[in-house]
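Visitor: Structure below; questions to follow.
Read-outs: derived from the displayed coordinates by stated rules, not from any lab. None of the values given here were measured: they were computed from a predicted structure. Every residue, glycine among them, receives a Cβ derived from its backbone with ideal geometry; neighbour counts consider all protein chains shown.
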Amino acid sequence: MSKFFEKLNAINVNEYTEKKGQFTYLSWAWAVRELLKVDPEATWEIHEWGIDGNKQPYMQTQAGCFVQVTVWVGGIARTQVHPVLDNRNQTIAEPNAFQINTSIQRCLAKAIALHGLGLYIFAGEDLPKVEPLTKEQEDEMATWIAKLDNGQTVVDIQTKCATNVINNSNYKGALAKVKRLVKEQK
């Protein structure tokens, strides 16, 4: 781990974030300021595509448009690719200049995060929200777990329920497995 990563990772960015929908955003301007305080020689590049004389700061594909930014900190390069999105986080087939610029700045903040600054705020951004078991589901699972003979299996299942590994979205499959285990031990 680089000394710059350790310094950037130790900075608490919570008061400089804002919530938009379900996502937390770190201001690119604040991220750049803090980055340059830690490494005044840090640089970044906004990648361009096309042929000489006709380059653009985004790549257009059938899946949508993408921007790419590489940030150098302490001689280490880290690159982030980011789709061009609208205000509902949907891809934009034909983006305008403002939408491209917004995505570039978002990509820059994420590339800086790869060096440690605010990395923790992105730690679950792409994960679906987990809904815990309902009281009824917990009770039904407990009834079936109580029928198991293997103490370690019981502890493993209880731990998975308590930590939301077994949750509302996978409950039916987990319960079916517990029922199979009960049936197999007879």
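Visitor: What aspartates and glutamates could a cross-link reach from K147, if we take a straight Cα to Cα line under 17 Å and drop same-chain neighbours fewer than 8 places away?
Guide: Qualifying aspartates and glutamates at Cα under 17 Å: E138, D139, D156, E184.
Visitor: Using DSSP to define loop residues, name the GluC sites (Glu not before Pro) in segment 110-186 whose beta-carbon has at most 12 other beta-carbon atoms within 10 Å.
Guide: Those satisfying the criteria are E125.
Visitor: Considering only C-alpha atoms, what is the centroid distance from segment 1-46 to segment 172-186, in Å?
Guide: 48
Visitor: Under 16 Å from the Cα of K37, which lysines turn up, not counting those fewer than eight places away in the same chain?
Guide: Filter leaves K3, K7.
Visitor: Amide H to amide H under 5 Å from C65: which residues, 5+ apart in sequence or cross-chain, H placed 1.01 Å off N in plane?
Guide: Amide H neighbours of C65, under 5 Å, 5+ apart: V84, I92.
Visitor: Give the peptides 146-159, 73-86 in descending order of average Cβ contacts within 10 Å, highest first.
Guide: Those peptides, ordered most packed to least, come out 73-86, 146-159.
Visitor: Quickly rank 32-38, 110-116 as a protection proxy: mean count of other C-beta atoms within 10 Å, highest first.
Guide: In descending order of packing, they fall as 110-116, 32-38.
Visitor: For K110, give me every one of the aspartates and glutamates with a C-alpha distance below 19 angstrom, ignoring sequence neighbours fewer than eight places off in its own chain.
Guide: Hits, sequence-local ones excluded: E6, E15, E18, E34, D39, E41, E45, E48, D86, E125, D126.
Visitor: As a test of the formula, what do you get for the chain when each DSSP H run with n ≥ 4 contributes -39,500 (n - 2.57) and the sum is divided by the residue count, at 222 nm and rounded to the nearest 500 deg cm²/dmol?
Guide: -12000 deg cm²/dmol
Visitor: From the backbone phi of segment 132-140, what are the Karplus-calculated ³J(HN,Hα) couplings (6.51 cos²θ - 1.76 cosθ + 1.60, θ = phi - 60°) in whole Hz, Gly and Pro given as x?
Guide: Whole-Hz 3J(HN,Hα) from phi for segment 132-140: x, 4, 6, 4, 5, 5, 4, 5, 5.
Visitor: How many nm separate the modelled label positions at T163 and N87, each set 7 Å beyond the Cα in the direction of the Cβ?
Guide: 4.1
Visitor: Gain in length, W72 to I51, computed as 0.36 nm per residue apart minus the alpha-carbon separation, to one decimal in nm?
Guide: Value of the extension gain: 5.1 nm.
Visitor: What number results when the radius of gyration of the chain, computed over Cα atoms, is divided by 2.2 N^0.38 Å?
Guide: 1.46
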